[in-house]
Amino acid sequence: MASIWHIIVTSTPQIVAAGLKYTIPIAIISFIIGLILAVLTALTKLSPRRGWFSIVKAIAYFYVWLFRSTPLLVQLFIVYFGLPYLKVKGLWPNGIQLDPWTAGIATFSLNTGAYCAETIRASILSIPQGQWEAAYSIGMTKPQVLRHIILPQAARVSLPPLSNSFISLVKDTSLAASITIIEMFEVSQQIAAENYQPLIMYALVAALYAVLCSILSWLQGYLEKRTSRYISPIN
């Protein structure tokens, strides 16, 4: 028991340090970029097909379909290990070579953007059509309606599923170990290779992920209460 406690005490700071240096920054940066992609993609999919914009809309549909239909681990391997072999004379003669950090953030951002795009699109569609018509009746343009009326309400509606997506992203960053990013899971693997205690190390990193996600879940509940404080409860 003393040996197990010693392993936990000596290993926890290393895993936590990796979380602060890699896991959390990767998750936050990827989610912010993914959220921007999601908003743009959702608005594109909701826009009418007119002329050349139909091509842009088709690309948006294809992007969402592609990243929602393939495993995240496979996407990471394609971006990091596969793109260097995409050699185009005059454009990419040596392929597209990305460092692990860039490849990880790019893949996580694109994957998150595809899933969050559907969340945002559904949230916008959940706003009653009458609110659009009422805004148009007082002379507001479509961009004004979106900015001042629809998007603020859609943001509140989409907060719970988007928060869940972020929590899932934090856990998915463990896959970054497969492309040599020294995040929490990778550090636990390295320590397990040194002390030959994989069960203890993997249980420890699982517990640390659980603590981190529990904190995020509490923050999610707090944000939901804050954003819904002016909404009448259902009796």
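Just one of A155, A193 is of a type in the set (A, V, I, L, M, F, W, C) and open to solvent by less than 60 Å² (accessible area, probe 1.4 Å); which is it? Before you say what the answer is, go through the steps one by one.
Numbers: A193 fails: open to solvent by less than 60 Å² (accessible area, probe 1.4 Å).
Matching residue, one of A155, A193: A155.
Quick one: how many residues across the stretch 120-130 are in a helix (DSSP H, G or I) and open to solvent by 30 Å² or more (accessible area, probe 1.4 Å)? Outline the logic, then answer.
In the first step, residues of the stretch 120-130 are kept if they are in a helix (DSSP H, G or I); the result is 120-125, 129-130.
Keeping just the survivors that are open to solvent by 30 Å² or more (accessible area, probe 1.4 Å) gives 121-122, 125, 129-130.
Of the residues in that region, 5 qualify.
Looking at the stretch 220-235 only, could you name the residues that are hydrophobic (A, V, I, L, M, F, W, C) and either at pLDDT 95 or above or part of a loop (DSSP other than H, G, I, E, B) (or both)? Break it down stepwise before answering.
First, the residues of the stretch 220-235 that are hydrophobic (A, V, I, L, M, F, W, C): 223, 231, 234.
Correct list: I231, I234.
Being part of a helix (DSSP H, G or I), open to solvent by less than 30 Å² (accessible area, probe 1.4 Å) and at pLDDT 95 or above is true for just one of V170, V211. Which residue is that? Please lay out each step first, then the result.
Numbers: V211 fails: open to solvent by less than 30 Å² (accessible area, probe 1.4 Å).
Being part of a helix (DSSP H, G or I), open to solvent by less than 30 Å² (accessible area, probe 1.4 Å) and at pLDDT 95 or above holds for just one of V170, V211, which is V170.
Select from the stretch 18-31 the residues that are of a type in the set (A, V, I, L, M, F, W, C), out of contact with any helix residue (DSSP H, G or I) (no Cβ under 8 Å at 6 or more places or on another chain) and surrounded by 13 or more Cβ atoms within 10 Å (Cβ to Cβ) and list them in ascending order. Step through it out loud before you land on a result.
Initially, the stretch 18-31 is screened for residues of a type in the set (A, V, I, L, M, F, W, C), giving 18, 20, 24, 26-29, 31.
Filter once more, so that each one left must be out of contact with any helix residue (DSSP H, G or I) (no Cβ under 8 Å at 6 or more places or on another chain): 20, 28.
Selection gives I28 alone.
When the residues of the stretch 61-105 are narrowed to those that are among the hydroxyl-bearing types (S, T, Y), under 20 Å from the mean Cα position of the chain (by Cα) and part of a helix (DSSP H, G or I), which ends up farthest from S178 (Cα to Cα)?
In the first step, residues of the stretch 61-105 are kept if they are among the hydroxyl-bearing types (S, T, Y); the result is 61, 63, 69-70, 80, 85, 102.
Still in the list and also under 20 Å from the mean Cα position of the chain (by Cα): 61, 63, 69-70, 80, 102.
Then drop every residue that is not part of a helix (DSSP H, G or I), which leaves 61, 63, 80, 102.
On the way: Y61: 29, Y63: 24, Y80: 10, T102: 14 Å.
Here the answer is Y61.
Considering only the stretch 18-42, how many residues are without any contact (Cβ under 8 Å) to a residue 60 or more places away in the chain and among the aliphatic types (A, V, I, L, M)?
4
Identify all residues within the stretch 131-150 that are open to solvent by less than 40 Å² (accessible area, probe 1.4 Å) and of a type in the set (G, A, S); write none if there are none.
Scanning the stretch 131-150 gives a single hit, A135.
Pull out all pairs, ordered by first then second residue, where Cβ-Cβ is under 6 Å, the residues are six or more apart or on different chains, the first lies in the stretch 117-146 and is at pLDDT 90 or above, and the second is crowded, with 16+ Cβ neighbours inside 10 Å and among the basic types (K, R).
R121/K45
Name the pairs whose Cβ atoms lie under 9 Å apart, with the first residue in the stretch 82-98 and at positive phi, the second in a loop (DSSP other than H, G, I, E, B), and 6 or more positions between them or separate chains?
Cβ pairs passing all conditions: G95/L86; G95/K87.
The values are calculated or read from the model by the stated rules, or taken from the named source; none is laboratory data. Note that the structure is a prediction, hence the values are computed from the model and not measured. Positions of Cβ are generated from backbone atoms using ideal geometry, with glycine treated the same way; all protein chains shown enter the neighbour counts. Accessible surface areas use protein heavy atoms only, side chains included; no ligands, DNA or RNA. Shrake-Rupley method; radii C 1.70, N 1.55, O 1.52, S 1.80 Å.
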